[in-house]
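Comments concern the structure below.
The values are calculated or read from the model by the stated rules, or taken from the named source; none is laboratory data. Remember, predicted model here, so these are calculated numbers, not experimental data. Ideal geometry is used to build each Cβ from the backbone, glycine not excepted, and the neighbour counts take in all protein chains shown. Note: accessible area is taken over every heavy atom of the protein model, side chains too, but ligands, DNA and RNA are not part of it. Shrake-Rupley method; radii C 1.70, N 1.55, O 1.52, S 1.80 Å.
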Amino acid sequence: MGAFLIALTAALASQNGLGRLDQTLYDHFSTQLSRPARDDIVIVGIDDYSLAELGRWPWAREKHADLVRQLSKAGARAIGLDIILSEPDPAGAGDTALAGALKSSGRAVLPVVIGGTLTEPQADVPIAPLAAAAGRLGHISLNHDSDGVVRHVTLRRSGSGQVWPQFALAVFEAGAAGDAATPSTGRERLYIAFAGNAGHFRSVPYVAALRGEVPADFFAGKHVLVGATAPGMTDSYPTPVSGGSGSMPGVEIHANILAGLLEDKFMSAAAPWQNILFCVVPLLIALFCYLLFRPRNAVIVSGLLFIITLAASYEVMKHGLWLPPSAALIALIISYPLWSWRRLEAAISYLGQEFSRLENEPHLLPEVLPKRAQDRIEDILEHRIRDMKRAARRVRDLRRFVSDSLDNLPDATLVTDDSGRVLLTNHAAQLYFNAGNESLTNRQMPHLLARLKSPSPLAAEPVNDFVWTDLLDAAKAQALVAGVGASDDQGRDLLVKSAPVRSAANQHAGWIISVIDISTIRAAERSRDETLRFLSHDMRAPQASILALLELQHTSDAPLPERELFSRIEKAARRTLGLADNFVQLARAESHEYRVEEVDFHDVVLDAIDEMWSLSKNKRIALQSDIGDGEFMVRVDRALITRALVNLISNAINYSPENTSVVCHLEREETEHGTQIVCRVSDQGYGIAEADQTKLFQRFERVSHADQPRHEGVGLGLVFVKTVVEKHRGHIHFISAEGKGTTFIITLPASAADDEATENSENSGNFSG
């Protein structure tokens, strides 16, 4: 479309004007370029007043002779008689008198009429005596455009085998006006720079000049043009500046040409290449703006270019060059509609193709189409707009579907572009990265992952971009889903996975990053490893001892006594049974199958004390209870919580010397989280060294010193206690000092029944009081 418009504009501009349109613009501009009339040009007009005074035309040539003598005597610089004298005077004496006056003046110019055809022009010159007496001859033929308006002049024309200067040029040369340069090329056409409308130059009636009514010095040093100005003498022509008067006398046209010669002020037509360049440049600017700007702005630019082109043509005309702007104006007017039509056609065609492809793709979500009237005739653009609405609705639905799907994923998931800039996140990601109400969108993924560090012991400190770099390397190597292990500043074990996102053209567009908390899995793996170690060592050792005893009994020359043999086998078997029992109890504690019931914790404490009474008696340790008043209702698995208390009391007895005491204290505490049941098991034993206190609640860890008695166990008892308490939404901690004893404190939330019993007890007490 751009090439077509440029070619069309260039073709129109090469014509150097588009007829009436450019002529109208030229005429309008010419009226704006008026200038003051020169003082050295005077018109002696054959007007109605002179005709009334001197009688009908033609006048006796003696009058012309008298006028020429009057003007010569007054010192006129040059005299131009715009009067046709191609036939002799019937009286004869008039030609002789006029010839004498012309010869005496020496600066008089007579007109020549160019006729004939274009190929054989003929010159109609004055009669021989007058032509010989005149100082110069000049043609008075004017060039009419297609609309009949006189806009330009040919300064020299051929006729009858001779080149004739234009009448005003002959007057200019007769007056020896100075060194002003004049065109010297034959048949050269120049636009007339009209100084003003008819009557612009100073004019005096023919009869006034003839009778000497004008002061003698009025004509001194001036170019005097004598010609018809009366409307009835038909020597008038339409000009660009005629305006309402409709025409301008020929003598005034010659006066305008003479003024241009004296001022060296003419207008020439631009060369075709100049006009093409002038018209194509605005079009190129407009086409460039159509590419960059919105339609509204493009229309505004077109309007501005339209005005600028007109103004530029006018400004250049003021400097003597006529650049017809119509070709450029037409191009600017038609360019935007044609350009918009082509763009609209291309857009509709493209949308039609894309919508067809979209229709052929599978739809992920059900679509409800609006009902349309069957008889309705639908415009193609309206049809495409409707398809566009459907496509936009699908995109919105698909985006919502993707957003909801992403948001409902349990793991922190983020979608980034190829550079790592976050585009989409889910709620889990907002929570994990502590974003709060602040969106993670447009954040850089390497910055978000900087808080992570390698789980390897060799990378103890976080390394910026560690996880991000590893992810990219792994993903590029596999071209599939890749993952790296990491840990965060809260000690959680993580698996960071990445998967590439590709566009419809199968080009890499970004990444899907998932941060998965695998702390539970890692804990299960560690538990599995510990269990395997337990089975391979602690459980295996007693069985191996039994087998060794039996083998020794069969092969040894000195077998053990039967009583001692059975005692050792019993001890190993009981140890194995105890280990298995502890392991089974811990497994049950870690399971989710708790038989919860509402019990009084007072009864649980008493059950545990009763179970440990014989052990304390054998070790000569006093087992005491300190239980407050009222009920201590809790919702627990009675068997497991009793076993937990038994483990604590058993440890207190086993790690206390003889003649000491173990106290079970039970009370109720009011906290900001509600009523809590607090049970303390205190002993006066050996205490726990500060270095060993961190090992207490770890699997298969035992604490003992050389000066303390050894006890059978594998280090699962306190792990069982901690697991049971925490499963009941409770908390366990301890206070210990080496050589001063240890106190284990269990805190459990009281049940609602306990709160009501306490309230009733208080109300009853108040009533009794």
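Within the stretch 139-180, the set of residues being at positive phi and hydrophobic (A, V, I, L, M, F, W, C) comprises just one member, A176. Checked against (1) closer than 22 Å to V719 by Cβ; (2) out of contact with any helix residue (DSSP H, G or I) (no Cβ under 8 Å at 6 or more places or on another chain), S661 passes all but condition (1).
Taking the stretch 307-325 as the range and being closer than 15 Å to V280 by Cβ and out of contact with any Gly (no Cβ under 7 Å at 6 or more places or on another chain) as the test, the residues that pass are I308, T309, A312, S313, L323, P325. Inspect all residues belonging to the stretch 600-610 and state whether any of them is more than 19 Å from H665 (Cα to Cα) and at pLDDT 90 or above. No: the stretch 600-610 contains no residue that is more than 19 Å from H665 (Cα to Cα) and at pLDDT 90 or above.
Highlighted here are the strands (runs of 3 or more DSSP E) found entirely within the stretch 605-693 that include at least 2 residues which are surrounded by fewer than 17 Cβ atoms within 10 Å (Cβ to Cβ), of a type in the set (A, V, I, L, M) and touching a residue at least 24 places away in the same chain (Cβ under 8 Å): 622-627. The set of residues in the stretch 378-389 that are free of Cβ contacts under 8 Å to residues at least 24 places away in the same chain, in a helix (DSSP H, G or I) and among the charged types (D, E, K, R) comprises E382, R386, K389. Does D39 satisfy being surrounded by fewer than 17 Cβ atoms within 10 Å (Cβ to Cβ) and among the charged types (D, E, K, R)? Taking the combined requirement at face value, the residue satisfies it.
Of all residue pairs spaced 6 or more apart or on separate chains, those with beta-carbon atoms under 8 Å, a first member in the stretch 551-577 that is within 29 Å of L716 (Cβ to Cβ) and a second member that is open to solvent by less than 70 Å² (accessible area, probe 1.4 Å) and not in a helix (DSSP H, G or I) are R568/L560; T576/M539. Farther than 30 Å from F266 by Cα, in a loop (DSSP other than H, G, I, E, B) and under 60 Å from the mean Cα position of the chain (by Cα) - does that describe any residue in the stretch 1-23? Yes, the conditions are met somewhere in the stretch 1-23. Residues that are modelled with pLDDT of 85 or more, closer than 28 Å to L21 by Cβ and buried (at least 18 other Cβ atoms within 10 Å of the Cβ): does the stretch 163-173 have at least one? So far as the stretch 163-173 goes, no, none of its residues is modelled with pLDDT of 85 or more, closer than 28 Å to L21 by Cβ and buried (at least 18 other Cβ atoms within 10 Å of the Cβ). The lone criterion from (1) more than 24 Å from A195 (Cβ to Cβ); (2) in a helix (DSSP H, G or I) left unmet by D27 is number (1). Out of curiosity, is I276 in a helix (DSSP H, G or I) and under 22 Å from V112 (Cα atoms)? No.
Determine, yes or no, whether R575 is among the basic types (K, R) and either modelled with pLDDT of 75 or more or in a loop (DSSP other than H, G, I, E, B) (or both). In short, no. Which condition from (1) open to solvent by less than 40 Å² (accessible area, probe 1.4 Å); (2) assigned to a helix (DSSP H, G or I); (3) of a type in the set (S, T, N, Q) is the one that T239 breaks? If we test T239 against (1) open to solvent by less than 40 Å² (accessible area, probe 1.4 Å); (2) assigned to a helix (DSSP H, G or I); (3) of a type in the set (S, T, N, Q), just (2) comes out false.
To keep it simple, each residue is scored yes or no on (1) surrounded by 14 or more Cβ atoms within 10 Å (Cβ to Cβ); (2) free of Cβ contacts under 8 Å to residues at least 60 places away in the same chain; (3) under 29 Å from H152 (Cα atoms).
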site	(1), (2), (3)
E263	no, no, yes
M267	yes, no, yes
A271	no, yes, yes
I276	yes, no, yes
V280	yes, no, yes
I285	yes, yes, no
L292	no, yes, no
V301	yes, yes, no
T309	yes, yes, yes
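Within the stretch 314-356, the set of residues being surrounded by fewer than 21 Cβ atoms within 10 Å (Cβ to Cβ), more than 28 Å from the chain's Cα centre (by Cα) and without any contact (Cβ under 8 Å) to a residue 60 or more places away in the chain comprises E315, V316, H319, L321, I333, S356.
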